Every structure is written in C-alpha cells, then in structure tokens.
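Right, one structure below, let's go through it.
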Amino acid sequence: MPKTDTKPVVQLVGRDGNAFAIMGAAQKAARRAGWTPDEINEYLAEAKSSDYDHLLQTTMRYFDVE
C-alpha cells in the first residue's frame, strides 16, 4: 500500500461494472496522486488476484471511492 496518509479519489459511478474501466480510473487517480509505478503495480496485482468483488474491495481499500 502506498505510504501516503490520504487516499486518491476515484469515481466509480458510471463505470457500468467494467473491471477494466475501474482499474483504468484507479491508475489515472494514482498517477495524479504521485504514486510510483511500483505502487500502482501493487494495487493492480492485488485487484486482479481474485474475482470482481475482490477488485471492488481492493479498490475501496486503496482509494476513496465516489
């Protein structure tokens, strides 16, 4: 998990349940927040390690979800 105190905000409303769109939005928010490529890859590896519910739970743990 990135070492920052605040989580980047990621907008999930309107993503229509598309896992790739969610991960793409999260990556974009992470880059804007200054995450390193390793930190982004850590999120992606965790998010992709199981099913869709796990993807959502991981995204909510790493980001402030709107």
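Scan the stretch 46-66 for residues that are within 11 Å of the chain's Cα centre (by Cα), outside any helix (DSSP H, G or I) and closer than 13 Å to L12 by Cβ and jot them down.
F63, D64, V65 - these are the residues of the stretch 46-66 that are within 11 Å of the chain's Cα centre (by Cα), outside any helix (DSSP H, G or I) and closer than 13 Å to L12 by Cβ.
Say whether the condition of being without any contact (Cβ under 8 Å) to a residue 60 or more places away in the chain, of a type in the set (G, A, S) and at positive phi is met by at least one residue in the stretch 32-44.
Yes, the stretch 32-44 contains at least one residue that is without any contact (Cβ under 8 Å) to a residue 60 or more places away in the chain, of a type in the set (G, A, S) and at positive phi.
Answer with yes or no whether K7 is among the basic types (K, R) and modelled with pLDDT of 95 or more.
In short, no.
Could you tell me which of the residues A19, A30 is over 14 Å from F63 (Cβ atoms) and surrounded by 13 or more Cβ atoms within 10 Å (Cβ to Cβ)?
A19
Residue by residue through the stretch 1-26, note down the ones that are among the small types (G, A, S), in a loop (DSSP other than H, G, I, E, B) and free of Cβ contacts under 8 Å to residues at least 24 places away in the same chain.
Passing the criteria: only G14.
The values are calculated or read from the model by the stated rules, or taken from the named source; none is laboratory data. The model shown is predicted, which means the values in this text are computed figures rather than measured ones. Methodologically, a virtual Cβ is constructed for each residue, glycine included, from the backbone with ideal geometry; neighbour enumeration extends over all protein chains shown.
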